[in-house]
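Data first, discussion second: the structure below is written as structure tokens.
The values are calculated or read from the model by the stated rules, or taken from the named source; none is laboratory data. Keep in mind it's a predicted model, so treat the numbers as computed, not measured. Using ideal geometry, Cβ is built from the backbone for each residue, glycine included, and neighbour counts are taken over all protein chains shown.
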Amino acid sequence: MAVTSSSSPVVSASRWSMASLRSALPSVPTSRVPSLHFPAHSPFPSSSRLRSGLGETKCMRSFSGLAPMTPLLSLSSECDSFEQGFSYINNGSKFYAMRHGKRVPKLNRPPDQRKALLRGLTTQLLKHGRIKTTRARASAMRKYVDKMITLAKDGSLHKRRQALGFIYEKQIVHALFAEVQDRYGDRNGGYTRIIRTLPRRGDNAPMAYIELV
């Protein structure tokens, strides 16, 4: 014997109609844009979902992704606007152009090993004042040495911490910041000089001396 509770909601026997469902939804103000209709002589393949007869045409449903934006409204055969069912998403994506003219010397090494090599060469040049290496490495490390000297000419604490994050030896950073004003105070750039020398014996690699001016 089934026992019914008095607190259970009473289910109405009347069925929901499409007109009542549409009236219960909030009204959305939409701009009047001409609907998209397919004529009877459309080159697209005929379908019962798009056309119900030869002379009668129906507007195509608007979908956002795989599901309509307003499912209850999209079930109707009448569409007020073609843009009504689409959602505009702005996720802050950026578009970049192709990297023409932005080639960097690879030095036959992956990025992490290349950065470590350039940091080591920069440290040794600031320590000894003159080193001998290949021409490709000398040309690649030149801008990093100039950048470290430019940071030292500024002399602020932030620039000193940036130099400490690039140069391996701390004593070289402090000596550079202490002596750079007397040596390069009147010079704006061009702190290094590259002198070509004989090729390396064995693999015939082009060599060069790079030194501080």
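Considering each residue of segment 145-155 in turn, at least one proves to be buried (at least 18 other Cβ atoms within 10 Å of the Cβ), within 18 Å of L107 (Cα to Cα) and either assigned by TED's automatic domain parsing to the domain that holds K115 or in contact with an Asp or Glu (Cβ under 8 Å, 6 or more places away or on another chain) (or both). Can we say D182 is over 20 Å from L212 (Cα atoms), part of a helix (DSSP H, G or I), among the acidic types (D, E) and without any contact (Cβ under 8 Å) to a residue 40 or more places away in the chain? When the stated conditions are applied, D182 does not pass them. A Cβ distance below 6 Å, combined with a sequence gap of six or more or placement on separate chains, defines the contacts here; from segment 130-143, residues that are farther than 15 Å from Y191 by Cβ reach residues that are at pLDDT below 95 in the pairs A136/P105; A140/P105. Taking the criterion of being farther than 25 Å from V104 by Cβ and without any contact (Cβ under 8 Å) to a residue 12 or more places away in the chain, the residues of segment 185-198 that qualify are D186, L198.
Matching residues to (1) surrounded by 13 or more Cβ atoms within 10 Å (Cβ to Cβ); (2) modelled with pLDDT of 55 or more; (3) within 29 Å of the chain's Cα centre (by Cα); (4) of a type in the set (V, I, T):
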{"site": "P68", "(1), (2), (3), (4)": "yes, no, no, no"}
{"site": "L73", "(1), (2), (3), (4)": "yes, no, no, no"}
{"site": "S81", "(1), (2), (3), (4)": "yes, no, no, no"}
{"site": "N90", "(1), (2), (3), (4)": "no, yes, yes, no"}
{"site": "K106", "(1), (2), (3), (4)": "no, yes, yes, no"}
{"site": "T122", "(1), (2), (3), (4)": "yes, yes, no, yes"}
{"site": "L126", "(1), (2), (3), (4)": "yes, yes, no, no"}
{"site": "I131", "(1), (2), (3), (4)": "yes, yes, no, yes"}
